[in-house]
Amino acid sequence: MKKIFYISILAASTVLTGCDDLFEPATENHRQLESMWSEPSFAQGILANAYILLPYQTAPQSDLATDDAVTNELTSNYLRMATGSWAAENNPIDQWRDRFNAINYCNIMIANCDKVKWAESEVLSSMYRDHFLGESYALRALNYYYLLRAHAGYTDDGQLMGVPLILTPLDATMDKAAFNIPRSTFRDCVAQINNDIANALSLLQYEDGSIKNESDVPAKYKAIGATMSDYNRAFGDHMKGKINGRIVEGIRAQVAFLASSSAYAANSGVTVADAANLLAVALDRINGVAGVSADGYKWFADNSGIDNLKAGQNPDEIMWRAGRGGSNDHNLEDDHFPPSMYGKGRCNPTQNLVDAFPMANGYPIDHPNSGYNAQDPYAGRDPRLAANILYNEGQMGNTTVVTGLYGTTRDVINKDNGSSTRTGYYLRKWLRSDVNLNPSSVTGKYHYTPYIRYTELFLDYAEAANAAWGPKNGGTHAYSAYDVIKAIRQRAGVGGATDPYLEECAQSQSKMEELIRNERRLELCFENHRFFDLRRWMVTLPKLNETVRGMEIDKLADGTLTYTVLPNVEIRNYKDYMYYGPIPFSEIRKYDALKQNRGW
């Protein structure tokens, strides 16, 4: 870790002071760090680096190593991981370096925030201090959560361990022993995260935004003489988009949900009821089930809404998001459009996932009441199938994409290694059909990455509430797992007015769990949840290694299409210790205080 933190501190100095030499003496860098006390812009820049390192992914990545997708990029680290090459020195889901870099920025801010002269006015300086200190605690909690998700696990002595808890700044002037820090238990890590969250909630406003009346100044600031103008400078509209109390409540619920899952619950001190209760706190802020966004399952397809989204503004579905990026962005489409649209077709949804979408009447396709026709497999299906996945003869903008063997372009399954689909399907989710990649007239569009969607939190609640109280019991809350799943299916047009399959599942806690897990798979597909869901559920090893299937389609002389399932598109090779990710081998080699997770 020593090298990592040396670079991280120097990077902050470089960004903020224009230093050209990344290798100038560490004592000089320490002096520059102290200058933040009189230079608030320098101090804010240190925290800005923690935002730059936010852990959210902007495209399907870990999904490519699950039963939901494969990639046609044959050198992909995710493909290698899924097929037997996952190792402590070859780990595509590694979070160690970036998370600890971000944590060190937060630690610098926490240690120095009270020393910074944020403003000439003591009142305004106190308010700025609260905002930036609250952000630092919140971001440190978030980064530790992602470290636990990627690196927590059982060691050879049978303990569930988290990661080293580093709560003070580290720099290159320190002896190596300062970096040789043992891992804390998973339980202690969760407790520390919750402590940071409590500190953040005591300092941050629930929402940032300018107020219009002196009477709206919060009492704690009115008591020290703050005016509306002061408040708006410290917490006004220009702060929107940064982490706030609403988001922190969401992160707190995510942490509890992870800790209460099967992979961690025995040694976390967190129950499914605890998780459900904290999720309800966040969801009650939007009026519970009544707050389910009517079109939340297709957040990525609202082209007009995305184009007109104002800075700091969120659609109803989104708790927190990235900025929109540039108006001519086409990176996602470059990677994932089919070849006929000048894309690389990288993410190929699987037949496994396609089969998980029910019929529009709500029944799974293998249910006797479903009405599924294997010779017309896309007819009468859940509308979310077509919203997320581009299948044979589907439309993307003005292009009809033919993946069947009778097609004439490289969109055809296995037509071209490295560009054509391997499964018979292309990605639709995330992509804007109004992007044009034709080299003669390339046109990009705005995009944004959702950091936390409310649908994720609703599905978290449904899973935890069902496990704690059963399908139709909400504990002390006004809505149950059943209510959540009914609302989510109804908005997608699944199940009709009565949703008989939901009613069937609601009679059994285990059947309801199965339905909730499937709804989660559909709603959150290609958003990098599935890889971690399968592991925290502790699914069986055969399920973790479920072979990826595809669909080959041909056309007879009379025009009839024939459908043949390809049973062995990709064989997966996970071992029984791979429910938990490894500690990086480079860190284990350098620091003898670190214990590796079992099996790695």
Notebook entry, point to check: For residue 590, which lysines qualify as cross-link partners when the Cα separation must be under 30 Å and same-chain residues fewer than eight apart are set aside?
Noted result: 2, 3, 176, 575
Margin query: If I take R0 = 60 Å and measure r between the Cβ atoms of residue 74 and residue 115 in this structure, what FRET efficiency does the formula 1/(1 + (r/R0)^6) give, to the nearest 0.05?
Written below: 0.70
Next item on the list: Averaging sequence separations of C-alpha pairs under 8 Å and six or more residues apart, then dividing by the length of region 353-436, give the relative contact order as a whole percent.
Entry: 20 percent
Check: Taking a quarter of the surface of the Cα convex hull of region 391-477, what do you get in nm²?
Finding: 9.6 nm²
Notebook entry, point to check: What percentage of all Cα-Cα pairs in region 119-181 are separated by more than 16 Å?
Noted result: 66 percent
Note to self: Test of understanding: what is the full-extension gain from residue 156 to residue 174, defined as 0.36 nm times their sequence separation minus their Cα-Cα distance?
What the structure shows: 3.4 nm
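Take the Cα pairs of region 132-236, get the Kirkwood Rh, then feed it into Stokes-Einstein at 20 °C and 1.002 mPa s and tell me D in µm²/s. Walk me through the numbers on the way to the answer.
Numbers: Rh = 16.5 Å.
Taking Rh from Cα pairs, D becomes 130 µm²/s.
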Item checked: Helix 2-17 axis, angle to the chain major axis (alpha carbon atoms, nearest 10°) -> 70 degrees
Check: Using a basic spin-label model with each label point 7 Å from the Cα along Cα→Cβ, how many nm lie between residue 564 and residue 592?
Finding: 6.1 nm
Notebook entry, point to check: Cα to Cα, under 28 Å, and not fewer than 8 places away if on the same chain: which lysines meet these conditions relative to residue 344?
Noted result: 298, 415, 429, 445, 555
Margin query: Give the separation of the Cα centroids, region 568-591 to region 220-279, in Å.
Written below: 32 Å
Next item on the list: Using only Cα atoms, locate the centre of region 363-377 and the centre of region 280-334, then give the distance between them in Å, rounded to an integer.
Entry: 33 Å
Next item on the list: Hand me the GluC sites (Glu not before Pro) from region 113-158 located in a DSSP loop with no more than 15 other Cβ atoms within 10 Å, in residue order please.
Entry: 120
Checklist line | Binned Cα-Cα distances of region 363-416, short to long, each 5 Å bin given as a whole percent | finding: 4, 18, 21, 21, 17, 11, 6, 2
Check: Considering only 60, 323, 383, whose Cα is most displaced toward the positive end of the charge dipole of the chain, charges sitting on Cβ of Lys, Arg (+1) and Asp, Glu (-1)?
Finding: 60
Next item on the list: Using a 1.4 Å probe and ignoring any ligands, DNA or RNA, find the accessible area of residue 94 and quote it in Å² to the nearest 10.
Entry: 60 Å²
Item checked: Eligible lysines near residue 212 by straight Cα distance, threshold 30 Å, same-chain separation 8 or greater -> 117, 220, 222, 240, 242, 310
Item checked: Cα-centre dipole for region 323-450 with unit charges at Cβ (Lys and Arg positive, Asp and Glu negative), debye to 20 -> 240 debye
Next item on the list: Within region 265-355, report the trypsin sites (Lys or Arg not before Pro) that DSSP leaves as loop and that have at most 13 other Cβ atoms within 10 Å.
Entry: 310
Next item on the list: Heads up, I need the accessible area for residue 51: 1.4 angstrom probe, whole protein in place, Å², nearest 10.
Entry: 50 Å²
Margin query: Along the charge dipole of region 163-314, pointing to its positive end and built from +1/-1 on Cβ of Lys, Arg, Asp and Glu, which listed residue (202, 165, 282) has its Cα farthest out?
Written below: 165
Notebook entry, point to check: So what does log10 I(q)/I(0) come out to for region 464-540 at q = 0.11, 0.15, 0.24, 0.26 Å⁻¹, using the Debye formula with one equal point on every Cα and no solvent?
Noted result: -0.29, -0.54, -1.19, -1.27
Notebook entry, point to check: At a Förster distance of 51 Å, what's the computed FRET efficiency of residue 497 paired with residue 417, Cβ-Cβ distance as r, to 0.05?
Noted result: 0.60
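Among 243, 588, what's the order by accessible area (1.4 angstrom probe), most exposed first? Intermediate values should be presented prior to the final figure.
On the way: 243 0, 588 45 Å².
Per-residue accessible area, sorted high to low, gives 588, 243.
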Note to self: List the residues, sorted by chain then number, that are 5 or more residues from residue 538 or on another chain and whose placed amide H is less than 5 Å from its amide H.
What the structure shows: 263
Next item on the list: Starting from the Cα of residue 374, step 7 Å along the direction of its Cβ; do the same at residue 295; then give the gap between the two resulting points in nm.
Entry: 3.8 nm
Check: Calculated FRET efficiency, residue 122 and residue 87, Cβ-Cβ r, R0 60 Å, to nearest 0.05?
Finding: 0.65
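For the chain, with all protein chains present and a 1.4 Å probe, just round the carbon and sulfur fraction of the accessible area to a whole percent. Kindly include the intermediate steps, with their values, before the conclusion.
On the way: 11190 of 23250 Å².
Summing carbon and sulfur atoms, their accessible area is 48 percent of the total for the chain.
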Note to self: Output the 0 to 90 degree angle, nearest 10, between the alpha-carbon long axis of helix 245-259 and the longest principal axis computed from the alpha carbons of the chain.
What the structure shows: 60 degrees
Margin query: Please report Rg (one decimal) and Dmax (integer) in Å for the Cα set of the chain.
Written below: 25.2, 84
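Using the Cα centre of the chain as the reference point, and only Cβ charges (+1 on K/R, -1 on D/E), how large is the resulting charge dipole? Debye, rounded to the nearest 20.
Here the size comes out at about 480 debye.
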Next item on the list: Have a look at region 505-595 and give its Rg and Dmax from the Cα atoms, expressed in angstrom.
Entry: 19.9, 70
Check: Per q in 0.20, 0.21, 0.22 1/Å, what log10 I(q)/I(0) does a Debye calculation on the alpha-carbon atoms of region 268-373 return?
Finding: -1.12, -1.12, -1.13
Item checked: Gain on full stretching of the segment that runs from residue 224 to residue 571 - 0.36 nm per residue minus C-alpha separation -> 118.4 nm
Checklist line | Within the chain, helix-based [θ] at 222 nm, where runs of 4 or more DSSP H residues each add -39,500 (n - 2.57), nearest 500 | finding: -11500 deg cm²/dmol
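What do you get for trypsin sites (Lys or Arg not before Pro) in region 91-155 restricted to DSSP loop and a cutoff of at most 10 other Cβ within 10 Å of the site's Cβ?
Numbers: sites: 97, 99, 115, 117, 129, 140, 149; in loops: 117.
Hits after loop and neighbour filter: nothing returned.
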Next item on the list: Please give the solvent-accessible surface of residue 408 in Å², to the nearest 10, using a probe radius of 1.4 Å with every protein chain present.
Entry: 130 Å²
Margin query: Rounded to whole Å, give me the distance from the Cα center of region 455-502 to that of region 91-124.
Written below: 39 Å
Checklist line | Solvent-accessible heavy-atom area per residue, rounded to whole Å², over the chain at 1.4 Å | finding: 39 Å²
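The values are calculated or read from the model by the stated rules, or taken from the named source; none is laboratory data. Just so it is clear, the model here is predicted, and its values are computed rather than measured. Note that we place each Cβ from the backbone using ideal geometry, even for glycine, and neighbour counts take in every protein chain shown. Side chains are part of the model used for accessible areas, which takes the heavy atoms of the whole protein and leaves out ligands, DNA and RNA. Shrake-Rupley method; radii C 1.70, N 1.55, O 1.52, S 1.80 Å.
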